[in-house]
Amino acid sequence: MGVGLPRRWASLWRHHPSALLLAAQLLSLVLYPLMDDTHSGRVLYGAVALVVVPLAVWVVSRSPSLNWIAWLLALPALALSVLAIVLDLPWLITTASMLESALYFYAAGSLISYMLHDHSVTADELFAAGATFTLLAWGFAYAFFACQAWYPGSFAGAVDPERPRSWIELLFLSMSTLSSVGNGDIVPLGSQARVLVMFEQMAGVGYIATVVSRLIGLTIVRHERAAGD
């Protein structure tokens with residue numbers, strides 16, 4: 001029994017890589033509040049990136065997309081993250097954030113293509129729907145982070161409005177915007193930041209209208225066919 005459980009978990013990850021990516025993203029939400037401006041916080045930040053970015057590449061490799069493009073984005077992002085921690089160079093973190101943003105958008109697009117090309121709803125597609133949402137949210141959050149570094153004062157908040165927004169605040173803004181919740185304690189002020197937020201608003205509406213609604217429709221059709229048989 002002790003040997004069978006690891007095998008079942010291994011089988012789950014092998015057949016449902018989207019579930020592993022989704023679990024890693026959600027786990028990182030628990031870890032992010034532990035990160036701060038200290039050296040230990042930056043090390044933890046880098047450790048999360050070292051886990052999540054390869055998982056994003058793994059998900060892409062299971063889709064019809066070209067895997068080499070994902071690695072072309074992932075490897076420099078990982079290298080720059082490590083160098084930024086070791087050498088304490090914030091501008092490297094900004095550059096790495098741009099590459100990670102591109103990687104997450106690429107992985108999200110690959111998962112969307114995977115879900116749209118299938119005509120039946122499987123468990124992996126349901127996990128992929130959740131993983132795609134997190135990939136989009138992380139991708140825009142990294143874009144916000146780079147925007148803030150390039151254009152100081154792009155974002156303001158209810159607490160200490162003059163200071164740069166932390167990573168968790170930008171991720172919170174991204175989640176709120178993508179899900180159309182619209183919590184307003186973090187707001188874009190600069191033109192560049194507002195354009196990014198508008199792009200994310202359109203992405204959130206489009207994702208629900210095309211991908212989520214399609215999965216719901218296919219699920220309803222499957223249940224109706226099963227009831228008819």
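The values are calculated or read from the model by the stated rules, or taken from the named source; none is laboratory data. Since this is a predicted model, take the numbers as computed values, not measurements. A quick note on method: Cβ atoms are made from the backbone with ideal geometry, for glycine too, and the neighbour counts reach across all protein chains shown.
Out of curiosity, is Thr132 in a helix (DSSP H, G or I), β-branched (Val, Ile, Thr) and crowded, with 22+ Cβ neighbours inside 10 Å?
Details: in a helix (DSSP H, G or I): yes; β-branched (Val, Ile, Thr): yes; crowded, with 22+ Cβ neighbours inside 10 Å: yes.
In short, yes.
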- Query: Of everything in the stretch 160-199 that's under 27 Å from Val211 (Cα atoms) and part of a loop (DSSP other than H, G, I, E, B), which residue is modelled with the highest pLDDT?
  - Reply: Ser179
- Message: So, Ser101, is that one closer than 23 Å to Val187 by Cβ and either among the small types (Gly, Ala, Ser) or at pLDDT below 90 (or both) or not?
- Response: yes
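Among the listed residues Tyr32, Tyr45, which satisfies the condition of being crowded, with 16+ Cβ neighbours inside 10 Å, aromatic (Phe, Trp, Tyr), in a helix (DSSP H, G or I) and modelled with pLDDT of 70 or more? Before the answer, list the steps.
Values: Tyr45 fails: modelled with pLDDT of 70 or more.
After ruling out the rest, the residue left standing is Tyr32.
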- For residues in the stretch 146-159 being part of a helix (DSSP H, G or I) and among the aliphatic types (A, V, I, L, M), which is nearest to the chain's Cα centre (by Cα)? Ala146
- Query: Within the stretch 102-116, can you find the residues that are among the small types (Gly, Ala, Ser) and surrounded by 22 or more Cβ atoms within 10 Å (Cβ to Cβ)?
  - Reply: Ala107, Ala108, Ser110
- Can you find even one residue in the stretch 11-22 that is modelled with pLDDT under 70, among the aliphatic types (A, V, I, L, M), more than 21 Å from Ser110 (Cβ to Cβ) and assigned to a helix (DSSP H, G or I)? no
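Could you look through the stretch 65-98, keep only residues that are within 21 Å of Ser113 (Cβ to Cβ) and not small (Gly, Ala, Ser), and pick out the one that is surrounded by the most Cβ atoms within 10 Å (Cβ to Cβ)? If you could, list the steps in order and put the result at the bottom.
Filtering the stretch 65-98 for residues within 21 Å of Ser113 (Cβ to Cβ) gives 65-74.
Within this subset, residues satisfying the condition of being not small (Gly, Ala, Ser) are 66-69, 71-73.
Working: Leu66: 13, Asn67: 14, Trp68: 10, Ile69: 15, Trp71: 15, Leu72: 15, Leu73: 24.
Top of the filtered list is Leu73.
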- Mind checking which pairs have a first residue in the stretch 172-183 that is without any contact (Cβ under 8 Å) to a residue 60 or more places away in the chain and a second that is outside any helix (DSSP H, G or I) and not β-branched (Val, Ile, Thr), Cβ under 7 Å, 6 or more apart or different chains? Ser176/Gly182; Ser176/Asn183
